[in-house]
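Colleague: Sharing a structure, written as structure tokens. Questions coming.
The values are calculated or read from the model by the stated rules, or taken from the named source; none is laboratory data. Keep in mind it's a predicted model, so treat the numbers as computed, not measured. Cβ sites come from the backbone with ideal geometry, for glycine too, and all protein chains shown count toward neighbours.
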Amino acid sequence: MGRPTYYEFFAGGGMARAGLGSSWKCLFANDFDRKKGETYRANWGSEALLVGDVRTLETKQLPGHADLIWASFPCQDLSLAGAGAGLAGARSGTFWPFFDLVKKLRAEERGPKLLVLENVCGALTSHGGKDFSAICDALANEGYNFGALVIDASLFLPQSRPRLFIVAVREDVAIPSELIGQEAPSPFYTPGLVSAHAHLRAQTRKKWRWWRIAAPPKRNLSLAEIIEDEPTGVGWHSCEETAGLIAKMSEINLARIAEAKKAGREIVGTAYRRTRYTSIGEKIQRAEARFDNIAGCLRTPAGGSSRQFVLIVEKNRVRSRLISARETARLMGLSDDYILPGNYNEAYHLTGDGVVVPAVRHIAAHLLEPLLRGARLRAAA
């Protein structure tokens, strides 16, 4: 029957493609960012990629009939760190022209069997949950059954990065009974997700499915295995620079440094500089450290404060530096032969804006591929 096929929207550097793997065939990929497009082509070739605004795309540019559409649409307006514009924002609002394409494909009888929408968990609460409800209403109205999962990268990699994955199935595709269940405790059903579901319109909730997929094996990759002693592209800070970073820490964070020093061995951690407010409303910059064997969530490096630092503590010595581009790629599950942009900020932006590769693979292996196998077996019967 051949490999299942897909379109990849908001493709970035092709991390969804990396997660789906060679058992899937990409028919079309799109991203607005020219620099990300260059990296996509460097890794995957140019055959499927069209760089341009999703608002200008027409269905005639989408070849064939894809089994799946994957869309990691922009998160900035839905993020808790954003300005709160939500789906009315210029960036996250590109969901609507994207979904117009889905509707047009449905009208042409080329609607995909499967849709995956990936975004930050802030999408659950944006505008008091109205944005999440609007997405779910759109799926229901277009003839899709759907459910959602919150998957944290820390299940697979030493990075704290929870993300929302909405998985939709065309209503004429029968869903194997083993893939759905009643609402139940799960590492993928957070209180926020359960609450967002409860606030959907009654008609929309009829289309909801609680996906039942296995939790991954316990992660065995440590942060120390990802961090290099002699990284490429970044250098270790001077003693004065490290002291300046530590001076921005609160008592709680200084206590974490002190505890790491007591360990009697090398301890690897990370830190972020963050803007905080005093009791009288003044802005101050703080450094926040963690030594729980998990890096903080990678973000796009707009301004200097979003760049993550590596901290290494051994006895009474503390070393610090920026995390390297290659280390950020490893934290996203990309292999070391993945070609990154030569510019540090461009590489950091690419990885910080991407989807975690093993999370994609887990969804594909435990949900998307079984759904398509079931559909193909029934079609052949």
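Colleague: Do you know which residues across segment 21-42 are out of contact with any strand residue (DSSP E or B) (no Cβ under 6 Å at 6 or more places or on another chain) and small (Gly, Ala, Ser)?
Modeller: Within segment 21-42, Gly21, Ser22, Ser23, Ala42 meet the criteria.
Colleague: Follow-up question, since we're still on this one. What pairs come up if the first residue lies in segment 337-365 and is farther than 9 Å from Ala325 by Cα and part of a helix (DSSP H, G or I), the second is at pLDDT below 95 and of a type in the set (Val, Ile, Thr), and their beta carbons are under 7 Å apart, counting only those six or more places apart or on different chains?
Modeller: Once the first residue is farther than 9 Å from Ala325 by Cα and part of a helix (DSSP H, G or I) and sits in segment 337-365, its partners that are at pLDDT below 95 and of a type in the set (Val, Ile, Thr) give His349/Thr300; Gly352/Thr300.
Colleague: Pick out the one residue from Phe156, Phe132, Phe188 that is in contact with a strand residue (DSSP E or B) (Cβ under 6 Å, 6 or more places away or on another chain) and among the hydrophobic types (A, V, I, L, M, F, W, C). Steps first, answer last, please.
Modeller: Numbers: Phe156 fails: in contact with a strand residue (DSSP E or B) (Cβ under 6 Å, 6 or more places away or on another chain); Phe132 fails: in contact with a strand residue (DSSP E or B) (Cβ under 6 Å, 6 or more places away or on another chain).
Answer to the check: Phe188.
Colleague: Could you tell me which of the residues Leu78, Leu105, Leu164 is over 22 Å from Ala329 (Cα atoms) and either part of a helix (DSSP H, G or I) or modelled with pLDDT of 90 or more (or both)?
Modeller: When all the criteria are applied, what remains is Leu105.
Colleague: Pairs under 7 Å by beta carbon, first residue in contact (Cβ under 8 Å) with a residue 40 or more places away in the chain in segment 50-75, partner part of a loop (DSSP other than H, G, I, E, B) and of a type in the set (S, T, N, Q), six or more apart or different chains?
Modeller: So the pair list comes out empty.
Colleague: With (1) under 25 Å from Asn345 (Cβ atoms); (2) crowded, with 21+ Cβ neighbours inside 10 Å; (3) in contact (Cβ under 8 Å) with a residue 40 or more places away in the chain as the list, and Asn43 as the residue in question, which single condition is left unmet?
Modeller: It fails just one condition, (2).
Colleague: Would you pick out the residues in segment 214-250 that are farther than 23 Å from Cys297 by Cβ, modelled with pLDDT of 95 or more and of a type in the set (Asp, Glu)?
Modeller: Glu240, Glu241
Colleague: Still on this structure, I have one more. Which pairs do you get when a residue that is closer than 22 Å to Pro158 by Cα, found in segment 247-275, comes within reach of a residue that is assigned to a helix (DSSP H, G or I), reach meaning Cβ atoms under 7 angstrom, with the pair 6+ apart or on two chains?
Modeller: As it stands, the answer is Ile257/Ile246; Ile267/Ala260; Val268/Leu223; Val268/Ala224; Gly269/Ala260; Ala271/Leu245, since those pairs meet every condition given.
Colleague: Residue by residue through segment 125-146, note down the ones that are more than 14 Å from Lys207 (Cα to Cα) and not basic (Lys, Arg).
Modeller: Answer for segment 125-146, where residues must be more than 14 Å from Lys207 (Cα to Cα) and not basic (Lys, Arg): Thr125, Ser126, His127, Gly128, Gly129, Asp131, Phe132.
Colleague: Let me ask something else about it. Considering only segment 198-296, give the helices (runs of 4 or more DSSP H) lying wholly within it that have at least 3 residues that are surrounded by fewer than 14 Cβ atoms within 10 Å (Cβ to Cβ) and of a type outside the set (Val, Ile, Thr).
Modeller: Numbers: elements: 202-205, 223-226, 239-247, 251-261.
Here the list reads 202-205, 239-247, 251-261.
Colleague: Would you say Val194 is over 30 Å from Phe291 (Cα atoms), in contact with a Leu (Cβ under 8 Å, 6 or more places away or on another chain) and not small (Gly, Ala, Ser)?
Modeller: no
Colleague: May I pose another question? Just name the residue that is farthest from the chain's Cα centre (by Cα) out of those in segment 108-124 that are crowded, with 20+ Cβ neighbours inside 10 Å and at pLDDT 95 or above.
Modeller: Among them, the one singled out is Gly111.
Colleague: Looking at Thr275, is it within 22 Å of the chain's Cα centre (by Cα) and either among the β-branched types (Val, Ile, Thr) or in the same structural domain as Ser72 (by TED's automatic domain parsing) (or both)? Steps first, please.
Modeller: Values: within 22 Å of the chain's Cα centre (by Cα): no; either among the β-branched types (Val, Ile, Thr) or in the same structural domain as Ser72 (by TED's automatic domain parsing) (or both): yes.
Taking the combined requirement at face value, the residue does not satisfy it.
Colleague: In this structure, does Thr270 turn out to be assigned by TED's automatic domain parsing to the domain that holds Gly296, touching a Gly at 6+ places or on another chain (Cβ under 7 Å) and not charged (D, E, K, R)?
Modeller: yes
Colleague: Moving on. Please count how many residues of segment 125-147 are surrounded by 20 or more Cβ atoms within 10 Å (Cβ to Cβ) and in contact with a Leu (Cβ under 6 Å, 6 or more places away or on another chain).
Modeller: Residues flagged as surrounded by 20 or more Cβ atoms within 10 Å (Cβ to Cβ) and in contact with a Leu (Cβ under 6 Å, 6 or more places away or on another chain) within segment 125-147 amount to 5.
Colleague: Keeping to segment 304-346, report how many residues are of a type in the set (A, V, I, L, M), within 16 Å of the chain's Cα centre (by Cα) and under 19 Å from Trp44 (Cα atoms).
Modeller: Step one: filter segment 304-346 for residues of a type in the set (A, V, I, L, M), giving 310-313, 318, 322-323, 325, 329, 331-332, 334, 339-340.
Pick out the ones that are also within 16 Å of the chain's Cα centre (by Cα) and you get 329, 331-332, 334.
Next, from what is left, pick out any that are under 19 Å from Trp44 (Cα atoms): 329, 332, 334.
Of the residues in that region, 3 qualify.
Colleague: Can you pull out every residue in segment 12-31 that is assigned to a loop (DSSP other than H, G, I, E, B), within 18 Å of the chain's Cα centre (by Cα) and touching a residue at least 60 places away in the same chain (Cβ under 8 Å)?
Modeller: Filtering segment 12-31 down to residues assigned to a loop (DSSP other than H, G, I, E, B) leaves 12-14, 21-24.
Still in the running and within 18 Å of the chain's Cα centre (by Cα): 12-14, 21.
If the condition is that a residue be assigned to a loop (DSSP other than H, G, I, E, B), within 18 Å of the chain's Cα centre (by Cα) and touching a residue at least 60 places away in the same chain (Cβ under 8 Å), then Gly12, Gly13, Gly21 are the ones that fit.
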